[in-house]
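Some notes on the structure that comes next.
The values are calculated or read from the model by the stated rules, or taken from the named source; none is laboratory data. In this text the structure is predicted, and so the values were computed from the model without any measurement. Here the Cβ is made from the backbone with ideal geometry for all residues, glycine too, and neighbour counts use every protein chain on show. To get the accessible areas, we keep the full protein, side chains included, count just its heavy atoms, and leave off ligands, DNA and RNA. Shrake-Rupley method; radii C 1.70, N 1.55, O 1.52, S 1.80 Å.
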Amino acid sequence: MLREWSDIYSIGIEEIDRQHQGFFAASHQLYEAILDREAKTGVIDAVAFMRAYAETHFSTEEDFMRRHDYPDLDAHLRQHVAFMRRLDALENDLRTFGPGQELADRALEMTQDWLIDHIADEDVLYALHVKAGELGDHPSRHRERPTIGDR
């Protein structure tokens, strides 16, 4: 099921939320291309977008986490590296086999499952860290991992 942007995905950091919204829009463009049987061109555009998005967005997030002394930065960076490896494999398959429905499906799965789940499960943690720091009570002291339903 294609997920729509909702305030439930908002982490409360305007620049990052705006980037996340752009990501949702791109995911929907890929889905529409698949439905319109334009998956071949859609996957090329989607993979190019994911590369540009990931490089810009991950850099923004990582700079933000460093500025706010996020204690789980290393774990978060490992997740970004894992995503980039998956993207590298997708790009390699695109070069090797060319665009097609299977690659389009994989690109859509990456946009819908990995990154959206990453926003909901991981990005919220550094946002909570920053907000707690503003209140003088960092969640890193408590080590509980909140879920979307807890926000």
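What to note about this one:
- Scanning the stretch 7-37 for residues that are of a type in the set (Gly, Ala, Ser), modelled with pLDDT of 85 or more and crowded, with 17+ Cβ neighbours inside 10 Å yields a total of 1.
- Check on Ala104, part of a helix (DSSP H, G or I), free of Cβ contacts under 8 Å to residues at least 24 places away in the same chain and surrounded by 14 or more Cβ atoms within 10 Å (Cβ to Cβ): no
- Qualifying residue in the stretch 81-98 (condition: small (Gly, Ala, Ser) and on the phi > 0 side of the Ramachandran plot): yes
- For Gly42, the stated conditions hold: it is open to solvent by less than 30 Å² (accessible area, probe 1.4 Å) and in contact (Cβ under 8 Å) with a residue 60 or more places away in the chain.
- The lone exception for Leu73 - which of (1) closer than 19 Å to Asp123 by Cα; (2) surrounded by fewer than 13 Cβ atoms within 10 Å (Cβ to Cβ); (3) hydrophobic (A, V, I, L, M, F, W, C) it fails: (2)
- Annotation: of all residues in the stretch 38-84 being within 14 Å of the chain's Cα centre (by Cα) and among the basic types (Lys, Arg), the one that is modelled with the lowest pLDDT is Arg51.
- Residue list for the stretch 107-148, restricted to those being outside any helix (DSSP H, G or I), under 20 Å from Leu77 (Cβ atoms) and either modelled with pLDDT of 85 or more or open to solvent by 70 Å² or more (accessible area, probe 1.4 Å) (or both): Arg143, Arg145
- Among residues of the stretch 57-71 that are without any contact (Cβ under 8 Å) to a residue 60 or more places away in the chain, those with a beta-carbon under 8 Å from a residue that is open to solvent by 70 Å² or more (accessible area, probe 1.4 Å) at least six positions away or on a different chain give the pairs Thr60/Glu15.
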